[in-house]
Structure formats: C-alpha cells, structure tokens
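S.K.: Just passing along the structure, written as structure tokens.
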Amino acid sequence: MAHYRRAGEVPPKRHTQFRTPEGGLYYEELMGEEGFSSDSSLLYHRAIPSAVVDATPWELPDQSTTENRPLLARHLQLHALFPGEEGKRADVVTGRRLVLGNGDVRISYVVAGEASPLYRNAVGDECVYVEAGAATVETVFGTLTARQGDYVLLPRATTHRWVPVGEEPLRCYVIEANSHIAPPKRYLSRYGQLLEHAPYCERDLHGPDGPLLVDGSDVEVLVKHRGSRGVTGTRYTYPTHPFDVVGWDGCLYPYTFSVHDFEPITGRVHQPPPAHQVFEGDNFVICNFVPRKVDYHPLAVPVPYYHSNVDSDEVMFYCGGDYEARKGSGIGQGSISLHPGGYAHGPQPGAMERALGAEFFDELAVMVDTFRPLELGEGAVASEDPNYAWTWSGRGPAS
Ligand SMILES: [Fe+2]
C-alpha cells in the first residue's frame, strides 16, 4: 500500500523526541515489511510496545489438511458449517474453520456473533471478505467499519479484534496469506499509484481515521505464528492495553475495499479472469466477479469457455446473485467450488445455451487461484456435496 496516511499526533521529524503532556517520551515503533526495505509506518505508543508479562501456548482450531485425492472438482457448502445458533457463539478469530490450504494460503469460514479476542497474525496478511452482516474492526491503527461486500485487509502483525454489529450474523470468508496481499503490480505506476486502467483507485480504499486509545492492564493477545509443523499460536499477556497509539503515519496500515466499488472490465467477447483481479499474494491471486453487462458481440457466448488451469487450483466463493455458469450443479449462496489443475472445467450442461443473448449477469463471487495445489481442511470434509464432480456427465462414479 503506497498511499501515505497519517492519523493522530506525530512529531514533525521522525526519530526525534516526542513528549507526552506530562513531559515523558512516547515510544516510537517502526512497523515495516521486508526488514527496513519496503512499506512501513511509525507508531507512537504511550507504553513500551515490547513489554509482556506472560506467554503460554495457544492451541489453534484444527489446521490439518488432507490431499485432494482422487483429484476431483469439489463443492463445499460453507453455510452448513454453522447451523442454527452456532454462529452466535463463535467469534471471527477463534471460530474459523479451515476449508482449504497449502503452503501459501489458508481459506477459512466463520459465522460470528461474539466479539473476538485481541489477535494478530504474524504469519502473513489477512484478507477477510464480509459475506453478510457488519462489524467494527478495532486495530492498533484505529477503527475500521466493515459491512457486507467489504474486503478487510489486515497487514501481518496488526493487533486487532472483530466486534460484530447489528442483528444479522457476521459471515466472513477469511483468506490468510503466508505473504503480503496487495493490489496487482500491473495496476500500479512505478511509484505505486493505482493507474487509470485499474478497476479501483485510492479513493475506494478506506483506512482508519484516527487513533484508538483503550486503557487496561494484563491484556491478552492471541498471536498466530510460524511453527516447525506449520502454523501455531502463542497467547501473550501485556501489562497495558496495546491500543495505546496516539498517532501514526506511513504507508502500512489496515484498510477496507468494497466489492461494490470494483468497476468491472467488460468486452465484446468473454474477458478472462485476470480482468477481474483485485489483489495478489505470493503464489495466489484474488479476483471478484461482480454484477455487470456481459459480452456484446452479436454471436457472443457470455458464460466462460471450458478451461484447464494447468498451473493453478481455482476456488470460487459464491456470495450473491445467481452464478449463470453453475446452474444445475447444486451450487448456491455460500458455496465454494474447487476446480483443481489437472483437468478441464466450465459451464454445467445447458448453461451455454441458456446464456445466449444475455445482456447482464447479476452475480457476485470471490475467486482465489493458487499456483500450488490446495488440500482439504476439516471444514471441507464436513461440508462437501459429493455429487458435484459428476454433474457435467450426469453420471456417478463407476464403482
Ligand atoms: Fe474457471
């Protein structure tokens, strides 16, 4: 994020004395990516940010995965993971159920009614898509407002917590990277400004407006971090509340972007998925398919052609409208399709013919393409529709 932002009070010169009203010094912290060689921000704390008084293991929810074998297209029904009242008792951090993952990215789903503990992910950036409901996201940089359709981008090591707002359950589709998540480089000028051809610009990105100061003592923070066998966690106790930043400035901070502000790129004939890209991380991309006018060549076939993603696994999360190409497959709101590299996929039988002459698709989907194979988490095993792989043929397995 190369867009400079400033909130609260900061001294006129970095790395100089910045004094409290009582005459003491604030504690300056540089939060920077790639050592000291990429985007960073300077935060000014009331208390020493490295002070901790206790540390114990935090046992994460089940992070185990199993290989996608036999290699199959999969349909997962995520809403089934939180039936009835279960979402009211969960929170966005500890209630996540792992659906898919590999060494680069993990995808989880959660329905939450409770405020989460304080938390930070030291493994990588998080991109949380809000399928439904609303929340405030309190962070060490200040507060974000999150509503249906928002992506909430939380840089690695940002201490924060999720507080659901309103009556509707908060439904979150969580993309956790092992790297950073950012706009695609081809959308950016050589100095980092979003270019005219990009489907969104800086005005569509919403950062925290001001500092968030909270008093407290002996405050717990859950930290997800790297372990020798993958991702693990530690529970720290801080002597004072970590939301003690009176001001910060820089180019590294959390922000939101609404999928409804994504301006779709359309054409006379079918546009490939890179036209729908919104973010990227190491070894994966995030795209979204939004309501849009569709292909206007007089002989256009508006649904996708069949395609083999020879280098990637493709995960679609269906989160609004009707997805034309998937009609007849059983896929609906809250479904995931996983179309792995290794064989072709495309519209269900009859979808091509039905789409001829269509002028508008009212569909909303978030797609993650990974360049290494995805494995199935416990949430996938628990929510799979076993019939999906056979819907193109209309027949089940021979045995
Ligand atoms: Fe596809």
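The values are calculated or read from the model by the stated rules, or taken from the named source; none is laboratory data. Keep in mind it's a predicted model, so treat the numbers as computed, not measured. Here Cβ is always computed from backbone atoms with ideal geometry, including for glycine, and neighbour counts include all displayed protein chains. Each accessible area value is taken on the protein alone, full model and side chains, heavy atoms only, with ligands, DNA and RNA left out. Shrake-Rupley method; radii C 1.70, N 1.55, O 1.52, S 1.80 Å.
S.K.: I want to verify a result. In a Gaussian network model of the chain, Cα cutoff 10 Å, which of these has the top mean-square fluctuation: Ala355, Ala275, Ala51?
M.R.: Among Ala355, Ala275, Ala51, the largest GNM mean-square fluctuation belongs to Ala51.
S.K.: Here's another thing I want to ask about it. Just the Cα atoms of segment 352-394, one point each, no solvent: what log10 I(q)/I(0) does Debye give at q = 0.23, 0.30, 0.31 Å⁻¹?
M.R.: Summing over Cα pairs of segment 352-394 leads to -1.07, -1.06, -1.06.
S.K.: Over the chain, give the accessible area per residue in Å² for a 1.4 Å probe, as an integer.
M.R.: About 46 Å² of surface per residue is accessible.
S.K.: Follow-up. Would you list which lysines come within 18 Å of Lys13, measuring only between C-alpha atoms, while excluding same-chain residues fewer than 8 positions from it?
M.R.: Of all the lysines, none pass the test against Lys13 - Cα under 18 Å, at least 8 places apart if same chain.
S.K.: Still on this structure, please answer the following. I need the phi-derived Karplus couplings for segment 229-239: 6.51 cos²θ - 1.76 cosθ + 1.60, θ = phi - 60°, integer Hz, Gly and Pro marked x.
M.R.: Calculated HN-Hα couplings, in order: 10, x, 8, 9, x, 9, 9, 9, 10, 9, x Hz.
S.K.: Taking H placed 1.01 Å from N in the peptide plane, check which residues at least 5 places from Gly113 or on another chain put their amide H under 5 Å from its amide H.
M.R.: Here the answer is Arg89, Ala90, since their amide H atoms fall under 5 Å of that of Gly113.
S.K.: By how many nm would the segment from Leu213 to Arg69 grow when fully extended, if each residue of separation counts as 0.36 nm and the alpha-carbon distance is taken off?
M.R.: 46.9 nm
S.K.: I need to check one value: relative contact order of segment 263-390, counting alpha carbon pairs closer than 8 Å and at least 6 residues apart, in percent.
M.R.: Dividing the mean separation by the residue count of segment 263-390 yields 32 percent.
S.K.: Let me ask something additional. Along segment 172-186, what does the Karplus equation 6.51 cos²θ - 1.76 cosθ + 1.60 (θ = phi - 60°) give for ³J(HN,Hα), rounded to whole Hz, x for Gly and Pro?
M.R.: So the Karplus estimates, Gly and Pro as x, are 10, 9, 10, 10, 9, 8, 8, 9, 9, 10, 8, x, x, 4, 6 Hz.
S.K.: What are the ³J(HN,Hα) values, in whole Hz, obtained from phi via the Karplus relation 6.51 cos²θ - 1.76 cosθ + 1.60 with θ = phi - 60°, for each residue of segment 206-217 in sequence order, with x given for Gly and Pro?
M.R.: Per residue, the Karplus-derived 3J(HN,Hα) values read 10, x, x, 7, x, x, 10, 10, 10, 8, x, 9 Hz.
S.K.: Only loop residues by DSSP count here, and only those with at most 15 other Cβ atoms within 10 Å; note down the GluC sites (Glu not before Pro) in segment 277-386 that meet that.
M.R.: Answer in residue order: Glu359.
S.K.: Scan around Ala134 for amide H atoms under 5 Å from its own, H built in the peptide plane at 1.01 Å from N, and keep only partners 5 or more places away or cross-chain.
M.R.: It is Val165, by chain and number.
S.K.: So, one more: Give a quick list of chymotrypsin sites (Phe, Trp or Tyr not before Pro) in segment 247-313 that DSSP marks as loop, anything other than H, G, I, E or B, with at most 14 other Cβ atoms within 10 Å.
M.R.: Tyr296, Tyr305, Tyr306
S.K.: Go ahead and run the numbers for FRET between Glu85 and Arg147, Cβ-Cβ distance against an R0 of 22 Å, rounding to 0.05.
M.R.: In this case the efficiency is close to 0.40.
S.K.: Report the label-to-label distance for Asp362 and His15 in nanometres (one decimal), using points 7 Å from each Cα along the Cα→Cβ vector.
M.R.: Each label point lies 7 Å from its Cα, and together they span 5.8 nm.
S.K.: As a test of the formula, what do you get for the chain when each DSSP H run with n ≥ 4 contributes -39,500 (n - 2.57) and the sum is divided by the residue count, at 222 nm and rounded to the nearest 500 deg cm²/dmol?
M.R.: The helix contribution divided over the chain gives -500 deg cm²/dmol.
S.K.: Could you sort 142-152, 60-70, 176-186, 198-208 so that the peptide with the highest average Cβ count within 10 Å comes first and the rest follow in order?
M.R.: Most protected by this proxy first, the peptides run 142-152, 176-186, 198-208, 60-70.
S.K.: Accessible area of segment 161-264 with a 1.4 Å probe: how many percent of it is carbon plus sulfur?
M.R.: Exposed carbon and sulfur together represent 47 percent of the surface.
S.K.: Amide H neighbours of Leu60 under 5 Å, counting only residues 5+ apart in sequence or on other chains, H built in-plane at 1.01 Å?
M.R.: Gly233
S.K.: What base-10 log of the normalised intensity I(q)/I(0) is obtained for the chain from the Debye formula, alpha carbons as equal point scatterers, at q = 0.11 Å⁻¹?
M.R.: Log10 of I(q)/I(0), two decimals: -0.82.
S.K.: So what is the orientation-averaged projected area of segment 263-390, using the convex hull of its C-alpha atoms, in nm²?
M.R.: Hull-based average projected area comes out at 7.8 nm².
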